[in-house]
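A.B. asks: A single structure is presented below for examination.
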Amino acid sequence: MSTAQQQVRHGFTYLLPVLIGNLAPVLTLPIFTRILTPADYGAWALAMAYATLLTALSNVGLTIVYERNYFEQKDAAGRAVLLNSLLAFVVSMLVAGGAATWWFRSAIARVVIGDAGFGALVVWTYCAAAVTSVKAYYLISFKNAQDASAYARCSIGETILGTCASLVLVAWLQVGILGLVWGQLAASTTITVVLATRFQRAHPLTFDGALLSSGLRMGVPLMPRLFVSVAGNQLDKYLIGVVSSVSFVGIFAIGQRIANFAFAYMTALENVFRPQVYKRMFDLGDAGGREIGRYLTPFAYASVAVTLLVALFSEEVLVVLTAPEFHGAASIASLLAVSYGLLFFRKQPQLLFRKATLTISAFSTIAVLINVAVSVPLIMAWGGLGAAAGVLVATLLAGVIHYVMSQRAYRIHYEAAPLAAVFGTLVLAGAISVALRELHIDYVVRVAVKLVCVAAYLGVGVKIGVITRSNLAMARGAVWRGR
């Protein structure tokens, strides 16, 4: 297992592409939001909802299978065969999905966006999402091999290419919202081709039907989970479009883009701790639950740290970077950031470790039903803000159910008091921030309260022993040695 300093170094390495990957689209908002309208962003968000759903189903759960079964293969050759076998099937499914999308593009655009004229947007958005899903397998191999530098180089390269291409297409060539999609597609395709070529040179193209069959036996039961999970995550945008307008979908999408910085940051940390959690599960069995619990506490604190900042200061980010018509997304971003922070427990792979794929699918169905039941009336009452509130409430309710299911499968002995302080501070700070904003309390008072919340969270870190001189010195050493 990696040393603590190595894991801190890997954490910073994974965070670098997150910072660049999320700051680049955020910092370009002053340009894009003054060229593209909320309706443009809304149409793109709805096209992305369709593309995300279809690519998830085309992958048949094999990304999850590959991440787990990677550790069952004990050498590089076996892992290469596993990857090639799974990708052969996935690529064929994605091509079939692309052909169907192109053939029915007008009908899909009419149903999803409400305008058949967006058929081209639907097709190109699907292509970009499909290529990105293929690239994900190669990035998983880097993550599981703890090759954080290769992971970072690929992610940063894709961000730089995509941002530059989108700026040229949207700001210079004036091609509209398609410029964002084409920029993403060009960048993802370039990186994926480079990775595939490099991988095949190192490992000859091989196929094992038994490995694919084994993967499908585990992945296919995840299909209901994938469908209801992805559909549930995208349902809020569709409902906003039905109840209000595509423009309101665009405002919600901008708020979600700000909040996604927190989600991407958490995912970067997950890339560090999840392989280590798997290793402890496989190496120690049920006896590893207590060690895993102690191991996860600092990651929980670090995950919530940036989530808290996004929840508190999304308003300032939007005012500085976006056109006035997008400023209403501030409370949406805050509520979504808090809900993303609460997903920490759902990132633990207890059910996958036990191969409880049917349980995972059952939970996903329950989670979506909760989301629909909570969100629909809130969206009808408050539009995008209601959708964000619905996501938060549904995340809380579904999180309790997921926690019970996961603990029955594999018990992790979480450190209850420190985690209660961490997540309690997040929820309280987010709720206060949104309430003060919606009540139009004087801005000076709001800023003072936000700073108090930050100070309180730092105090929690000192109290639970995460912020210490030795930990700060270790982090500083990891950063400087990483350079």
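A.B. asks: Expressed as a fraction of 2.2 N^0.38 Å, the rule-of-thumb size for a compact globular protein of N residues, what is the C-alpha radius of gyration of the chain?
C.D. replies: In units of the globular-protein estimate, the chain measures up at 0.95.
A.B. asks: State whether region 217-324 is rounded, prolate or oblate according to the following rule on the C-alpha gyration tensor (a ≥ b ≥ c being the square roots of its eigenvalues): a/c under 1.5 gives rounded; otherwise a/b larger than b/c gives prolate, and the remaining case gives oblate.
C.D. replies: Because a/c hits 1.5 or more and a/b fails to exceed b/c, region 217-324 counts as oblate.
A.B. asks: A further question follows. Take the residue pairs LYS143/LYS279; LYS135/LYS347; LYS279/LYS347; LYS279/LYS355; LYS74/LYS279 and return only those whose Cα atoms are more than 19 Å apart.
C.D. replies: Distance filter (> 19 Å) returns LYS135/LYS347.
A.B. asks: Now, a different point. With runs of 4+ DSSP H residues as the only contributors, calculate the mean residue ellipticity of the chain at 222 nm using -39,500 (n - 2.57) per run, divided by the residue total and rounded to the nearest 500.
C.D. replies: Calculated at 222 nm, the ellipticity per residue is -28500 deg cm²/dmol.
A.B. asks: To the nearest 0.05, what FRET efficiency results for LYS355 and ARG198 with a Förster distance of 22 Å applied to their C-beta separation?
C.D. replies: The computed FRET efficiency comes out at 0.10.
A.B. asks: Within a 10 angstrom radius of the beta carbon, how do PHE273, PHE89 rank from fewest other beta carbons to most?
C.D. replies: By the 10 Å Cβ count, ascending, the order reads PHE89, PHE273.
A.B. asks: Where nothing but the Cβ of Lys and Arg (+1) and of Asp and Glu (-1) is charged, how large is the charge dipole of the chain around its Cα centre, in debye to the nearest 20?
C.D. replies: 1120 debye
A.B. asks: Using 1/(1 + (r/R0)^6) with R0 = 35 angstrom and r between the beta carbons of PHE207 and PHE282, what's the FRET efficiency to the nearest 0.05?
C.D. replies: Efficiency, from the Cβ-Cβ distance: 0.85.
A.B. asks: Which of the three applies to region 45-183, rounded, prolate or oblate, going by the alpha-carbon gyration tensor with a ≥ b ≥ c and a/c under 1.5 meaning rounded?
C.D. replies: oblate
A.B. asks: Taking 41 Å as R0, compute the FRET efficiency from the Cβ-Cβ separation of SER470 and ASP75 and round it to 0.05.
C.D. replies: Approximately 0.65, to the nearest 0.05.
A.B. asks: Oh, and also: Using the 10 angstrom Cβ neighbour count as an exposure proxy, how do ASP286, ASP40 rank, fewest first?
C.D. replies: ASP286, ASP40
A.B. asks: Give me ASP283, ASP208 ranked fewest to most by other Cβ atoms within 10 Å of their Cβ, as a rough exposure proxy.
C.D. replies: ASP283, ASP208
A.B. asks: May I ask you to list, by number, the DSSP H helices of the chain whose Cα span along the axis is at least 27 Å and whose average Kyte-Doolittle hydropathy reaches -1.0 or more?
C.D. replies: 4-27, 38-58, 76-103, 119-144, 148-167, 178-202, 223-243, 246-284, 289-321, 357-409, 416-438, 443-463
A.B. asks: Another question about this same structure. Normalised by the residues of the chain, what does the relative contact order come to in percent, with Cα pairs under 8 Å and at least six apart?
C.D. replies: Relative contact order here is 21 percent.
Every read-out reported here was derived from the displayed coordinates using simple, explicitly stated rules and does not represent laboratory data. Since this is a predicted model, take the numbers as computed values, not measurements. So basically every Cβ, Gly included, is an ideal-geometry build from the backbone, and we count neighbours across all protein chains shown.
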